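What follows is a set of notes on a single structure, which appears directly below.
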Amino acid sequence: MKCVIGTIAAALILAQPLVASAAPGDPDRRSELVHFTKGASSTVVKGRIKGYRYIDYVVHAAAGQTLSVEMQTGNGANYFNILPPGSSDVAMFVGSTSGNQFSGVLPADGDYVIRVYLMRSAARRNESANYMLTVGVSGQPLAATPAAKDALIPGTPFHASAKIACVPPFDAKTKECEAFVIRRGFDGTATVEVRWGDGLKRRILFVKGRVVAADSPEMFSVERNGDVSVVRFGSEERFEIPDALVSGG
C-alpha cells in the first residue's frame, strides 16, 4: 500500500466530533468520531495533546475506498498512526517511521482509527502539540455480495473459509492459518481475512484477482504458484491464498 498523500478535491471544513470521551480504563486516551458534512468527502480536525495523552479519531469507511490523512504540527515529536478495524494497538501505518502523510486503499469495512500522539521522549518531558489533521475518504465502496447470491457462513459476514499455509509475523516457520473471505463479486474481488491466534489477523483486498491493499505497514509483493497467490509482507510474513477461496467455485 502506498503511503503518498493524494489530492483532496472537496472543500475543507472544520470537523465536529460526534463522540468525545475518555476510554474506560485508559485516562490518557480520548476518542472522537470524525464526521463529514453532507456532500463532503474531506474535513479538517484541529486539536491539542500534552504529555502521554493521545486522541483516537474514528473514521468509518469501506473496502475499496481511499483514506487520506495529512497532519501539520508545531512539534516534531507529534505523529499519527492508523489502526485497522478491531485493532487496539497494532497499526497499519506508523507515522514516526513513515511521516505525517498517508493515502491508501482500504482492505476491509469498518472503523479505522487515526491515533494522534507524542513520542515517548517528548511525553516524558510533558511537551504539548497543537496540530491540524486533514482527513478524506473517497471512492466507491466495494459492496459485499449478498447472501442471496453467495451464501454466508451462519452468524458471520463471511462467504467461506479455508486452511492455508502461512508464515505469520515474527514466526519463522510455515504453519496453518485459518482464512475467511468476504466476496465482493464473482470476478476475484474480495477481502480475505487470515487469522493465526490471539486475535491476530491480516486483511488483504483482491480486486479482479489482483492484490491491491492490506492492513499491514509493510509493503506487499505477490507471486503466483499455480492457482495460488503467495502474498508476502517484508522479508518473512507470507500467506498462500488459493483462487478458489477468493472467487468461489
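Within region 40-62, the set of residues being of a type in the set (A, V, I, L, M), under 30 Å from residue 142 (Cα atoms) and in contact (Cβ under 8 Å) with a residue 60 or more places away in the chain comprises 44, 45, 55, 59, 61, 62. Being modelled with pLDDT of 95 or more, within 16 Å of residue 107 (Cβ to Cβ) and not β-branched (Val, Ile, Thr) holds for only one residue in 148, 144, 244, and it is 144. Remark: pairs (first residue in region 69-86, over 27 Å from residue 201 (Cα atoms); second residue at pLDDT 95 or above and small (Gly, Ala, Ser); Cβ separation under 7 Å; 6+ apart in sequence or on different chains) = 73/129; 74/129; 75/122; 75/129; 77/121; 77/122; 78/129. Checking 170, 102, 158 one by one, the residue that is under 28 Å from residue 39 (Cβ atoms) and not charged (D, E, K, R) is 102 and no other.
The set of residues in region 43-80 that are outside any strand (DSSP E or B), aliphatic (A, V, I, L, M) and over 30 Å from residue 210 (Cα atoms) contains only 77. In region 155-174, the residues that are exposed (fewer than 13 other Cβ atoms within 10 Å of the Cβ) reach residues that are β-branched (Val, Ile, Thr) and at pLDDT 95 or above with C-beta atoms within less than 6 angstrom, at least six apart or across chains, in these pairs: 174/167.
Would you point out which residue out of 48, 29 is over 19 Å from residue 101 (Cβ atoms), crowded, with 17+ Cβ neighbours inside 10 Å and modelled with pLDDT of 90 or more? Just a single option satisfies the conditions, and that option is 29. Checking 142, 152 one by one, the residue that is within 30 Å of residue 45 (Cα to Cα) and surrounded by 15 or more Cβ atoms within 10 Å (Cβ to Cβ) is 142 and no other. Pick out, from region 154-249, the strands (runs of 3 or more DSSP E) lying fully within it that include 3 or more residues that are among the hydrophobic types (A, V, I, L, M, F, W, C). Correct list: 160-167, 175-183, 190-195, 201-207, 210-214, 228-233.
For region 121-132, the count of residues that are more than 22 Å from residue 44 (Cβ to Cβ) and within 13 Å of the chain's Cα centre (by Cα) is zero.
The values are calculated or read from the model by the stated rules, or taken from the named source; none is laboratory data. Only a predicted model underlies this, so the values are computations on that prediction, with no experimental measurement involved. When we count neighbours, we look across all protein chains shown, and the Cβ atoms used for this are built from the backbone with ideal geometry, even at glycine.
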